[in-house]
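Written out below as structure tokens is the structure these notes cover.
The values are calculated or read from the model by the stated rules, or taken from the named source; none is laboratory data. What you are looking at is a predicted structure, and each value in this text was computed from that prediction instead of being measured. So basically every Cβ, Gly included, is an ideal-geometry build from the backbone, and we count neighbours across all protein chains shown.
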């Protein structure tokens, strides 16, 4: 029997998704930075993305980048979260380009780069409405001026991030603003910006539907490649696989039980206030996977099976269509939240099938 719980990762489908997006965006003059943070810097997946044509690999964790370096993944490595001051030495050693919003951090990157005789690329992130990371547009010129003055720092461009914290959609207005900021910086400082990074998988609807691209020449894609969907409404992207990664877990209990709990009701193990309706007796199954391993709200169960909840180590299902016997397995598709948690869990085995190198 195969280990359970497990993620089954079809590298051929990931290759297809990445290659398809790389080709579609290349027609618009946009390159793809393949984001590896949901895969814990998997060398197999990173190599698959590179074969598919991504221009660089991006990750928010220095540990993942170090793992890919150790595996000798031959790529430009981009740290897509602002470096921690406590990790600057590691960033300079292993990262080619980092996203930054604080001049104090860039100063320290410069000092460490001088000490180790390295040159480090910097992309400045600009706040355009989603209120996660970014320099306010009115402060950008001053930040660029000092960045340009710092030794061993190469100012490579600007970028923005939308749709992650507040769900602000990339559109013609905010993308035009980013392009105009790039034009202003070039005319002010007499330089040419190499990278204008417009955002993430949420930008695909804007980028692929005939919009005026302006100066945007890079997108950072992770979820769209791994799960085959856009991230504004989680709709499948035409022509992409949505089942490249699946989770399988084993049934450890199968019984008929009441649907209504009995006794005085307080909080659950995770501080929730449970609600339940009396539906009589139900066929319940427990799987050996839980909140420590996955986000139960992010699991897409087969038709006829309902996810009812989870504790740390138990996932509760109900089904009036299937007999889920002890030892049987149930396979799920995952959303991004469930995928990230499952990839992070040491209790979930990761099984990968070989990638195709064929042109498609």
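Quick notes
- Residue pairs meeting the criteria (Cβ under 6 Å; at least 6 apart or on separate chains; first free of Cβ contacts under 8 Å to residues at least 60 places away in the same chain, in the range 318-337; second in a loop (DSSP other than H, G, I, E, B)): 319/304; 321/304; 322/304; 337/295
- Residues that are in contact (Cβ under 8 Å) with a residue 60 or more places away in the chain and touching a strand residue (DSSP E or B) at 6+ places or on another chain (Cβ under 7 Å) were ranked within the range 158-197; the one that is nearest to residue 107 (Cα to Cα) is 159.
- Per the conditions (1) in contact with a helix residue (DSSP H, G or I) (Cβ under 6 Å, 6 or more places away or on another chain); (2) assigned to a strand (DSSP E or B), the sole criterion not satisfied by residue 90 is (2).
- Candidates 143, 160, filtered to the one that is over 22 Å from residue 213 (Cα atoms) and in the same structural domain as residue 189 (by TED's automatic domain parsing): 143
- Pick from the range 156-173, criterion surrounded by fewer than 21 Cβ atoms within 10 Å (Cβ to Cβ) and over 18 Å from residue 29 (Cα atoms), ranking: farthest from the chain's Cα centre (by Cα): 173
- The single residue among 95, 88 that is touching a strand residue (DSSP E or B) at 6+ places or on another chain (Cβ under 8 Å) and without any contact (Cβ under 8 Å) to a residue 60 or more places away in the chain turns out to be 95.
- Considered as a group, the residues in the range 36-57 that are out of contact with any helix residue (DSSP H, G or I) (no Cβ under 8 Å at 6 or more places or on another chain) and not in a loop (DSSP other than H, G, I, E, B) include one that is surrounded by the fewest Cβ atoms within 10 Å (Cβ to Cβ), and that residue is 50.
- Residue 191 being assigned to a loop (DSSP other than H, G, I, E, B) and over 20 Å from residue 83 (Cβ atoms): yes
- The residues on offer are 239, 271, 228, and the sole one that is crowded, with 18+ Cβ neighbours inside 10 Å and within 30 Å of the chain's Cα centre (by Cα) is 228.
- Some residue of the range 286-308 being surrounded by fewer than 18 Cβ atoms within 10 Å (Cβ to Cβ), in contact (Cβ under 8 Å) with a residue 40 or more places away in the chain and touching a helix residue (DSSP H, G or I) at 6+ places or on another chain (Cβ under 6 Å): yes
- Single residue of 133, 112 found to be within 20 Å of the chain's Cα centre (by Cα), in the same structural domain as residue 59 (by TED's automatic domain parsing) and either assigned to a strand (DSSP E or B) or touching a residue at least 24 places away in the same chain (Cβ under 8 Å) (or both): 133
- Flag for residue 113 being farther than 23 Å from residue 221 by Cα, surrounded by 15 or more Cβ atoms within 10 Å (Cβ to Cβ) and touching a strand residue (DSSP E or B) at 6+ places or on another chain (Cβ under 8 Å): yes
- If you go through the range 245-285 and keep only what is over 30 Å from residue 42 (Cβ atoms) and part of a strand (DSSP E or B), you end up with 253, 254, 255, 256, 257, 258, 281, 282, 283, 284, 285.
- One residue stands out in the range 201-214 among those that are in a loop (DSSP other than H, G, I, E, B) and in contact (Cβ under 8 Å) with a residue 24 or more places away in the chain: the one that is surrounded by the fewest Cβ atoms within 10 Å (Cβ to Cβ), namely 212.
- The single condition among (1) surrounded by 15 or more Cβ atoms within 10 Å (Cβ to Cβ); (2) closer than 30 Å to residue 49 by Cβ; (3) outside the structural domain of residue 181 (by TED's automatic domain parsing); (4) out of contact with any helix residue (DSSP H, G or I) (no Cβ under 9 Å at 6 or more places or on another chain) that residue 217 does not satisfy is (3).
- Residue pairs meeting the criteria (Cβ under 9 Å; at least 6 apart or on separate chains; first at negative phi, in the range 70-83; second crowded, with 21+ Cβ neighbours inside 10 Å and modelled with pLDDT under 95): 71/41; 73/41
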